[in-house]
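Just so it is clear, none of the values below were taken in a lab; they were calculated from the coordinates. What you see is a predicted model, and the numbers here were worked out from it, not measured in a lab. Every residue, glycine among them, receives a Cβ derived from its backbone with ideal geometry; neighbour counts consider all protein chains shown.
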């Protein structure tokens with residue numbers, strides 16, 4: 001199989017594109033790893049939907065507080081300078097455009113910036129949306145970290161999402177195991193290839209037209 | 001002298017009738033008013049509509065209330081979780097109705113009810129199936145979806161410290177939806193880990209002012225929902 005970036009390297013690559021001083025919300029899964037790869041000399045402040053700005057890493061056992069969790073319902077800590085608030089304030093930060101960057105995982109992302117990451121639309125599935133639809137509409141920059149294809153090799157970067165949308169035209173940049181891809185008025189634009197990856201491979205694993213690095 | 005203190009959780013929830021709409025504070029296990037919910041299971045009111053971000057975990061608290069067949073409908077943003085078994089079973093058997101609301105819209109609908117605002121416009125759900133059938137209006141060239149307020153007959157709330165006037169403080173992320181729900185319910189019932197004298201909470205530190213609270217009961221030795229689940233407990 002191909003080379004390319006590991007999960008950790010994808011997270012580290014995404015972290016490089018987040019400016020110093022950003023207020024950041026990280027989705028569940030690979031996006032959570034971004035917090036481990038903050039570039040030297042930068043500070044990000046992490047927001048979690050359930051009412052904490054200034055989220056820190058998981059607690060040591062002796063510091064565990066069952067009332068201190070993140071939106072993924074994992075136990076976390078609060079950094080010095082953190083603040084707690086209720087849900088309406090938390091989503092005012094999101095919807096009101098106060099957060100700089102949100103990094104999300106996805107099932108599909110389309111070349112016009114549409115994202116589908118909350119439901120397969122299967123009739124027997126129990127729908128669950130959480131805060132995803134608020135985040136994609138409200139946060140200034142929506143970044144996606146995802147494998148370039150599904151486990152069965154289907155493209156996740158597509159012309160049009162077949163799954164129900166989370167938001168339309170909201171994604172600006174995608175970090176996959178093969179490349180960094182921007183959403184532009186011309187569609188998908190590769191801005192960087194992962195080490196050992198050719199544009200031809202990226203093109204063959206993308207479900208629609210994709211432009212080579214300039 | 002105003003005194004909103006009740007001596008037991010059973011007395012505090014005794015008048016919740018069949019068919020009531022009940023908001024339940026908490027996000028996952030944090031801030032869940034377990035003892036009030038268990039009292040409601042003992043009391044037995046049925047045909048309830050329950051508003052919470054989730055649908056309970058394990059076989060205690062909200063999950064146990066659903067499991068006891070007392071809930072007809074859930075209004076929530078995220079009915080699935082790794083420890084949520086009861087709701088999925090009831091939903092798949094057609095025994096419970098679900099109204100799915102994005103988390104920020106859920107919070108704002110509750111806040112709006114408490115603030116006397118019957119509806120508002122939000123960008124959330126624009127262009128998705130969750131906005132189907134809803135009014136969409138443009139402001140400054142961008143589409144927004146109208147969402148109505150969300151009220152309740154009762155709210156069941158867990159807090160850290162309360163005084164006899166119903167002034168409340170919370171612990172960390174256990175706050176979540178609770179201050180909003182206190183505002184949006186006709187009757188707000190609070191269980192407090194600690195009940196203090198009037199004046200002991202610094203007015204600068206009050207999170208929920210007592211005007212939004214009707215009943216307070218002290219429950220000093222609470223066992224956290226996560227602990228009950230780890231212990232494999234069930235209720236009743």
Could you list B:59, A:186, B:204 in order of exposure, starting from the residue whose Cβ has the fewest other Cβ atoms within 10 Å? B:204, A:186, B:59
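Would you mind giving the three semi-axes, in whole Å and largest first, of the ellipsoid equivalent to segment A:37-147 according to its Cα gyration tensor? Could the numbers behind the result be given before it?
Details: eigenvalues 135, 64, 44 Å².
Equivalent-ellipsoid dimensions as semi-axes: 26, 18, 15 Å.
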Radius of gyration and Dmax over the Cα atoms of segment B:120-236, both given in Å: 18.9, 54
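Would you tell me the mean number of C-beta atoms belonging to other protein chains that fall within 10 Å of each C-beta in A:63-76, as a whole number?
On the way: counts 0, 0, 6, 9, 14, 5, 10, 3, 6, 2, 11, 1, 3, 2.
Counting Cβ atoms of other protein chains within 10 Å of each residue's Cβ and averaging gives 5.
If the viscosity is 0.890 mPa s and the temperature 25 °C, what Stokes-Einstein diffusion coefficient in µm²/s follows for segment A:105-183 when Rh is the Kirkwood radius over Cα pairs?
On the way: Rh = 12.7 Å.
Translational diffusion coefficient: 193 µm²/s.
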If a paramagnetic tag sat 7 Å from the Cα of residue B:138 along the Cα-Cβ line, which residues of segment B:115-130 would have the backbone N under 18 Å from that point? B:121-124, B:126-128
Between residue B:80 and residue B:129, what is 0.36 nm times their sequence separation minus the Cα-Cα distance? Round to one decimal in nm. 15.7 nm
Placing each pseudo-label 7 Å from Cα in the direction of the beta carbon, residue A:186 and residue B:205 end up separated by a distance in nanometres of 6.1
Suppose each label sits 7 Å from its Cα in the direction of the beta carbon; what would the residue B:18-residue A:112 distance come out to in nanometres? 5.1
Provide, for q = 0.16, 0.21, 0.22 Å⁻¹, the log10 of I(q)/I(0) from a solvent-free Debye sum over equal Cα point scatterers in segment B:101-155. -0.47, -0.76, -0.82
Taking every alpha carbon pair in segment B:50-157 and sorting the distances into 10 angstrom bins from 0 up to the bin holding the longest one, the percent per bin comes out as 14, 40, 30, 14, 2
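Hey, got the average number of other protein chain Cβ atoms within 10 angstrom for residues in B:112-125? The partial results should precede the final answer.
Numbers: counts 1, 0, 1, 1, 0, 0, 0, 0, 0, 0, 6, 9, 13, 7.
Other-chain Cβ atoms within 10 Å of each residue's Cβ, averaged: 3.
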Cα-based Rg then Dmax for the protein assembly as shown, in Å, read 22.8, 79
Computed P(r) (all Cα pairs; chain A; 5 Å bins; percent): 1, 7, 15, 19, 20, 16, 11, 7, 3, 1, 0
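Could you work out the percent of alpha carbon pairs in segment B:6-102 separated by over 16 Å, rounded to a whole number?
Values: 2325 of 4656 pairs.
The proportion of pairs with Cα distances above 16 Å equals 50 percent.
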Pull out a ≥ b ≥ c, the square roots of the eigenvalues of the alpha-carbon gyration tensor of segment B:8-64, then state rounded if a/c is under 1.5, prolate if not and a/b is larger than b/c, and oblate in the remaining case. prolate
Looking at the square roots a ≥ b ≥ c of the eigenvalues of the Cα gyration tensor of segment A:1-71, which shape do they give, rounded for a/c under 1.5, prolate if a/b is larger than b/c, or oblate? prolate
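Starting from the eigenvalues of the Cα gyration tensor, five times each then square-rooted, give me the equivalent ellipsoid semi-axes of chain B, largest first, whole Å. Each step should come with its number before you reach the end.
Numbers: eigenvalues 161, 109, 46 Å².
Ellipsoid semi-axes (Å, largest first): 28, 23, 15.
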So residue A:204 and residue A:83, fully extended at 0.36 nm per residue minus their Cα-Cα distance, gain in nm 38.9 nm
For segment B:119-143 and segment A:1-77, write down the distance between their C-alpha centroids in whole Å. 31
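Which of B:146, B:74, B:183, A:133 has the fewest other C-beta atoms within 10 Å, and how do the rest follow up to the most? Before the final figure, lay out the partial values.
Values: B:146 13, B:74 25, B:183 22, A:133 31.
Arranged by neighbour count, lowest to highest, B:146, B:74, B:183, A:133 become B:146, B:183, B:74, A:133.
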Compute the acute angle (0 to 90°) between the alpha-carbon long axis of helix A:7-16 and the principal axis of greatest extent of the alpha-carbon atoms of chain A; round to the nearest 10°. 80
